[in-house]
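J.: I'd like to ask you about the structure that follows.
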Amino acid sequence: MHSFAYKNGSLHCENVNLADIASATGTPVFVYSKKTIADDLAEFRAAFAPLDAHVAFAVKACSSKAILNLMAQQGAGFDIVSGGELWRVINAGGDPTLCTYAGVAKTEPEIRYALEQNIYCFNCESENELREINRIAGEMGVKAPVSVRVNPHVDAHTHKYITTGTNENKFGVDITRIEEVYATIAAEMPHLHIKGLQMHIGSQLTEVQPFVDAAVKVLPIVKKFMKLYGIEFWSIGGGIGIVYDGCLESGKPEWWAAHPELITIRSYAEALIPILKPLGIKILLEPGRRLVGNAAAMLTTCIYEKKGEAKTFKMIDAGMNDIIRPALYEGYHEIWPVQEHCGDEIVADIVGPICESGDFQAQNRRIADVQPGEVLAEMSAGAYGFSMSSTYNSRPLAAEVLVDGDKWSIIRRRQTLEQMVQDECLPE
């Protein structure tokens, strides 16, 4: 659940009127709910309490310093995919010894930096990567902690760009070769310490069954590796989906009671605990979207309306550079007026200022008939919203705000034009 709801005709985040934030900061601006993030993290821990389970937040979902600091304060570890993300975690007060480092193309400087910071483990994606880490660790006179990402070849039933667990994806080592790869590490790579096994089958999964199928498929391998190599953890990845369509209503318990088919943290845990508990091994969970996705909305202002013969367009001041998910993933976001409308709806496209036909946030959507000057809230914007934003069309990065009860704070100032070009220079 989340902390966004209409109160007295105006959309609020926790106890703060979003209209007040838009007026003070301008738009576009991302607004995060501290309570939603803390509650969901606590729910993960409670649901997996029967296990020795540890949460590592997937930093790529939302890498803002204040959000990472909040995760660190709550005792979370971090799933990182670059040296830059490791630096961000440390800069935000996170513990590098609680970081697992994934990604298919780690560079030598990144590997050295991670070893210097004593990360918990590298989650490796290929034999050549393992050989490179072994070489670098040998030069540094250390043993590098490693696990390998096993690709269980399970269809996650999600968008083709965010599925990762089949043998057609670039990630991981195929399950048919994983035992051979671990034997090679043990025999030929003396500067590596085999610490665990990792898997991750995709993102935005809305069903429990693919997680169960993957766990059952990998379970015998985990048992074997516990005996052969004494592995101390099994990372089961992340990927639990959130509600995009129906987001505002999903903040209510009764809505969930009416949608028992949708995955929840509880149903995810209840399905997996019987498989995992008999092992007696540490389980790493790597949620990203599920912790922050529904915890934020992006506020944007309607600038113009254009009525054509085929369509009506509502033009807003946020573009695909601010949230790229609709253009990149065909992603759906609910869009609501901050000031509540009653009954006046139209079918329209909500489009941004970017000079691309793909710059839309909604197409053929039945929405409130907002007029120029009104503020809209694009919901479920916390994951892969700001973290994937850019300055395309020379548009400065948006501001970010964190709400805590009846108070709010700017956690990222809006980028200025000068800041956007400060690292550029003319040739001598």
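J.: Quickly run through region 139-149 and pick out the residues that are in a strand (DSSP E or B) and of a type in the set (Gly, Ala, Ser).
T.: From region 139-149, those in a strand (DSSP E or B) are 144-149; that's our starting set.
Within region 139-149, Ala144, Ser147 meet the criteria.
J.: Are there any pairs with C-beta distances below 7 angstrom linking a residue in region 337-365 that is in a loop (DSSP other than H, G, I, E, B) to a residue that is hydroxyl-bearing (Ser, Thr, Tyr), with the two at least 6 apart or on different chains, and if so which?
T.: Val338/Ser10; Glu340/Tyr6; Glu340/Ser10; Ile354/Tyr392
J.: Six or more apart or on different chains, Cβ atoms under 8 Å: show the pairs whose first residue is in region 225-250 and free of Cβ contacts under 8 Å to residues at least 24 places away in the same chain and whose second is surrounded by fewer than 18 Cβ atoms within 10 Å (Cβ to Cβ) and among the aromatic types (Phe, Trp, Tyr).
T.: Within 8 Å, the pairs are Glu249/Trp255.
J.: While we're here: Mind checking whether some residue in region 210-217 is closer than 28 Å to Arg177 by Cβ, within 24 Å of the chain's Cα centre (by Cα) and not in a helix (DSSP H, G or I)?
T.: No, because not a single residue in region 210-217 is closer than 28 Å to Arg177 by Cβ, within 24 Å of the chain's Cα centre (by Cα) and not in a helix (DSSP H, G or I).
J.: So which residues in region 377-421 are over 30 Å from Gly241 (Cβ atoms) and assigned to a helix (DSSP H, G or I)?
T.: Correct list: Asn393, Ser394, Leu417, Glu418, Gln419, Met420, Val421.
J.: Any residue in region 79-100 that is closer than 22 Å to Trp234 by Cα and in contact (Cβ under 8 Å) with a residue 12 or more places away in the chain sitting within a Cβ distance under 9 Å of a residue that is in a helix (DSSP H, G or I) and of a type in the set (Phe, Trp, Tyr)? List the pairs, counting only those 6 or more apart or interchain.
T.: Leu86/Tyr113
J.: Okay, next question. Just give me the residues in region 196-209 being out of contact with any helix residue (DSSP H, G or I) (no Cβ under 8 Å at 6 or more places or on another chain) and surrounded by 22 or more Cβ atoms within 10 Å (Cβ to Cβ), in sequence order.
T.: Once the filter is applied, which keeps residues that are out of contact with any helix residue (DSSP H, G or I) (no Cβ under 8 Å at 6 or more places or on another chain) and surrounded by 22 or more Cβ atoms within 10 Å (Cβ to Cβ), region 196-209 yields Gly196, Gln198, His200.
J.: How about region 169-182: which of its residues are within 14 Å of Val150 (Cβ to Cβ), loosely packed, with under 14 Cβ neighbours inside 10 Å and not acidic (Asp, Glu)?
T.: Passing the criteria: only Thr176.
J.: Residues of region 194-209 being more than 12 Å from Leu130 (Cβ to Cβ) and either of a type outside the set (Gly, Ala, Ser) or part of a helix (DSSP H, G or I) (or both), which ones?
T.: Restricting attention to region 194-209, the residues satisfying the condition of being more than 12 Å from Leu130 (Cβ to Cβ) are 195-209.
If the condition is that a residue be more than 12 Å from Leu130 (Cβ to Cβ) and either of a type outside the set (Gly, Ala, Ser) or part of a helix (DSSP H, G or I) (or both), then Lys195, Leu197, Gln198, Met199, His200, Ile201, Gln204, Leu205, Thr206, Glu207, Val208, Gln209 are the ones that fit.
J.: I need a count of the residues in region 218-244 that are under 18 Å from the mean Cα position of the chain (by Cα) and under 23 Å from Tyr120 (Cβ atoms). Quick ask: steps written out before the conclusion?
T.: Taking region 218-244 as the starting set, the residues that turn out to be under 18 Å from the mean Cα position of the chain (by Cα) are 235-244.
Filter again for under 23 Å from Tyr120 (Cβ atoms), leaving 235-240.
Residues meeting the conditions: 6.
J.: Same structure, new question: In this structure, is Glu428 at pLDDT below 95 and either loosely packed, with under 14 Cβ neighbours inside 10 Å or within 27 Å of Asp245 (Cβ to Cβ) (or both)? First the steps, then the outcome.
T.: Details: at pLDDT below 95: yes; either loosely packed, with under 14 Cβ neighbours inside 10 Å or within 27 Å of Asp245 (Cβ to Cβ) (or both): yes.
When the stated conditions are applied, Glu428 passes them.
J.: Hey, can you tell me all the residues within region 11-47 that are among the small types (Gly, Ala, Ser), surrounded by 15 or more Cβ atoms within 10 Å (Cβ to Cβ) and either assigned to a loop (DSSP other than H, G, I, E, B) or in contact (Cβ under 8 Å) with a residue 60 or more places away in the chain (or both)? Spell out how you get there, then give the answer.
T.: Within region 11-47, the subset among the small types (Gly, Ala, Ser) is 19, 22-24, 26, 33, 38, 42, 46-47.
Adding the requirement that they be surrounded by 15 or more Cβ atoms within 10 Å (Cβ to Cβ) leaves 19, 22, 33, 38, 47.
Passing the criteria: Ala19, Ala22, Ser33, Ala47.
The values are calculated or read from the model by the stated rules, or taken from the named source; none is laboratory data. Values in this document were obtained by computation on a predicted structure and should not be read as measured data. Every residue, glycine as well, gets a Cβ built from its backbone with ideal geometry; the counts of neighbours run over all protein chains shown.
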